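Note sheet for the following structure.
FYI, it's all coordinate maths here, none of it is from the lab. Source: prediction; values computed, not measured. Don't worry about glycine lacking a Cβ; one is built from the backbone with ideal geometry, like all the others, and counts go over all protein chains shown.
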Amino acid sequence: MEFSIKSASPEKQRTGCVVAGIFEGRKLTEAARAIDAASRHFLTGVLRRGDLEGKLGTSLMLHHVPQVPAERVLLVGLGRERDFHEMAYRSALAAAVKALRSTGAAEAMLCLTDLPLKRRGTDWKVEQAVLAVMDGLYRFDRLKSKPPEPARALRKVTMHVPARNDIAEGTAAIERAAAIAEGVAFAKDLGNLPSNICTPTYLAEQAVEMGRNDGVRVEVLEQKAVEKLGMGAFLAVARGSREPLKFIVMEYRGGKREAPPVALVGKGITFDTGGISIKPAGEMDEMKFDMCGAASVLGTMKAAALMKLPINVVGVVPATENMPGGNAIKPGDVVTTMSGQTVEILNTDAEGRLVLCDALTYVAKYKPAAVVDVATLTGAMVIALGGVATGLFANSDPLARELLHAGEDAWDRAWHMPLWDDYQEQLKSNFADFPNIGTRAAGSVTAACFLSRFAKSYPWAHLDIAGTAWKSGPEKGATGRPVALLAHFLARRAA
Ligand code: BES
Ligand code: MN
Ligand code: ZN
């Protein structure tokens, strides 16, 4: 996809489609007004006939608009003008892209990036538009025997800005957004691939290939090396699977040689059956998404490398399946983690924290400036925040604030959850240092509490993406979150 910025008059554009907004109550935006005037009030006539009220999410495609050189004019409802904030802007973009993809237009000019939006500048609006276009055009059909629809026509999107001096800012935003969009698409692909294809071995191969193309050093540790490191918890989860485990280490060095890196740790359970504490059959297919934390770490490494961020980043992924079987761990088993702490595995389905805890111990060797782990860790997180916000836990308030801000910037938002000592009380065992689960209450918090015991030597944050990493229902699929949040976090740190 090719993106560009223009400030020239929309009514004069020779393009496949000009997209202009209409507020509720049939109120024309500036671009719509210009087209209306050029076409001797053709738009006013259409609206008067009641074909579009301006409701958010609606759109109307017009052909042969008189005196306008564009092949089509797409009117998009923006909702009420005084409610036109980030969310409405994003819905309008999504509706526009949806309408565009069902036409033959190869080029389009988006006159939505020129709309005033409280607290948001051209850079933000352009970035969101690029991400919305790439998100709306994303399809995962490589596993269909025949392509289900004709190849998409849209090749070039021009974004309209109010003035010539917005062009430089818009162009820089395109570059950044295109890098993020690539990272997001990479994460979506990995998430959407089923577990018979996306195995730990496949994840490792993808990391190696990404490293080769984008300049990231990748090393993959196998069973033997992991045993030598004493990762007893990670090894315990991997026991039940016939797929060999992989411990993937990626290093992007964009910063000063001696600058301590940011470490990203992603949960890479390529399928979570629950193990001996087996899950019910309903919706178990969605547990192929249990490596979305890992996917987001790979996607973010890719985006950081494409943006050439002047920062050092280490990405670490413990990858395995969680399976039942004759060799699998059983409830009550006690294992020794790499940290030396012993854990009583009361529920084999709480495996994410078991693979992450050893990875958190491993990354300490980098003396990292900060560590962020990303994991589809708890079903309780879905109940608490749904698919809107990612749960954020941290042992450092400044780091938490940084991530919250990055989420706001990227509009890939997180919500700060408590990690108070009061919750640690739930983790008591008669047989080991502590168990891998607490009671049912506040399940996401006790999971974070468990992790915190392995993250004592550096500023650390944990992102529970169980609700945000993928969508269920008819539009089932990976979202690529929180690649945008993490990319913004790294960019802020690099600046
Ligand atoms: N991968 C799951 C968490 C999950 C479940 C994410 C459903 C999204 C949707 C995780 O490994 C898990 O099974 N967690 C258990 C923990 C429990 C046994 C303490 C859960 O949340 O039920
Ligand atoms: Mn599980
Ligand atoms: Zn899991």
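A few notes on this one:
- Among the listed pairs Lys228/Lys367; Lys224/Lys471; Lys330/Lys367; Lys55/Lys156, those whose Cα-Cα separation exceeds 32 Å are Lys224/Lys471; Lys330/Lys367.
- Theoretical gain in end-to-end length, Leu229 to Leu143 [0.36 nm per residue, Cα-Cα removed]: 27.2 nm
- Counted residue by residue at 0.36 nm each, then reduced by the alpha carbon distance between them, the extension gain from Asp397 to Arg80 reaches 110.4 nm.
- Other-chain or far-sequence residues with amide H under 5 Å of Thr273's (modelled H): Asn322
- Lysine-lysine proximity count for the stretch 246-311, Cα under 30 Å, sequence distance 8 or more or distinct chains: 15
- Length-normalised contact order of the chain in % [C-alpha pairs under 8 Å, at least 6 apart]: 14
- Distance from the C-alpha centroid of the stretch 253-305 to that of the stretch 7-38: 43 Å, rounded to the whole angstrom.
- Cut-off under 5 Å, modelled amide H: who pairs with Leu62 long-range: Val73, Leu74, Leu75
- Sparse packing (at most 15 other Cβ atoms within 10 Å of the Cβ) combined with a DSSP loop state is found for the following trypsin sites (Lys or Arg not before Pro) in the stretch 241-271: Arg242, Lys256, Arg257.
- Basic side chains Lys and Arg get +1 at the Cβ, acidic Asp and Glu get -1 at the Cβ, and with that the dipole of the stretch 180-494 about its Cα centre reaches some 660 debye.
- Extended-chain gain in nm, criterion 0.36 nm per residue less alpha-carbon gap, Lys98 and Ser7: 30.4 nm
- Cα-projected label distance for Met284 with Glu175, points at 7 Å along beta-carbon direction, nm: 5.0
- The stretch 454-470 and the stretch 173-220 have Cα centres lying 20 Å from one another.
- Per DSSP, loop trypsin sites (Lys or Arg not before Pro) in the stretch 457-495 with at most 12 further Cβ within 10 Å: none
- Evaluating 6.51 cos²θ - 1.76 cosθ + 1.60 at θ = phi - 60° for every residue in the stretch 114-120, the Karplus couplings come out as 9, 7, x, 9, 3, 6, 10 Hz, glycine and proline recorded as x.
- Phi-based couplings in Hz for the stretch 481-490 (Karplus 6.51, -1.76, 1.60; Gly and Pro marked x): 7, x, 4, 5, 4, 5, 5, 5, 4, 5
- Share antiparallel - DSSP beta bridges, the chain, percent rounded to 5: 45
- Convex hull volume per residue for the stretch 215-283, taking Cα atoms only, in Å³: 144
- Rounded tilt (10° steps) of 352-363 against the dominant C-alpha axis of the chain: 80
- A cut-off of 5 Å between modelled amide H atoms, ignoring neighbours fewer than 5 places along the same chain, links Trp460 with Val371, Asn395, Ser396.
- Estimated purely from DSSP H runs of n ≥ 4, each contributing -39500 (n - 2.57), the mean residue ellipticity at 222 nm for the chain is -11000 deg cm²/dmol once divided by its residues.
- Taking the longest Cα principal axis of the chain as reference, the axis of helix 443-452 is set at about 60 degrees.
- For the stretch 2-161, the relative contact order is 30 percent, taking Cα pairs closer than 8 Å that sit 6 or more residues apart in sequence and dividing their mean separation by the residue count.
- 0 to 90° range, to nearest 10: angle between helix 167-192 axis and the chain longest Cα axis: 50
- At most 10 other Cβ within 10 Å, DSSP loop - chymotrypsin sites (Phe, Trp or Tyr not before Pro), the stretch 350-435: Trp420
- Couplings for the stretch 282-291, taken from phi via the Karplus curve 6.51 cos²θ - 1.76 cosθ + 1.60 with θ = phi - 60°, read x, 6, 5, 3, 5, 6, 5, 7, 6, 10 Hz in order; Gly and Pro are left as x.
- Sorted fewest first by neighbouring Cβ atoms within 10 angstrom, Thr270, Thr361 come out as Thr361, Thr270.
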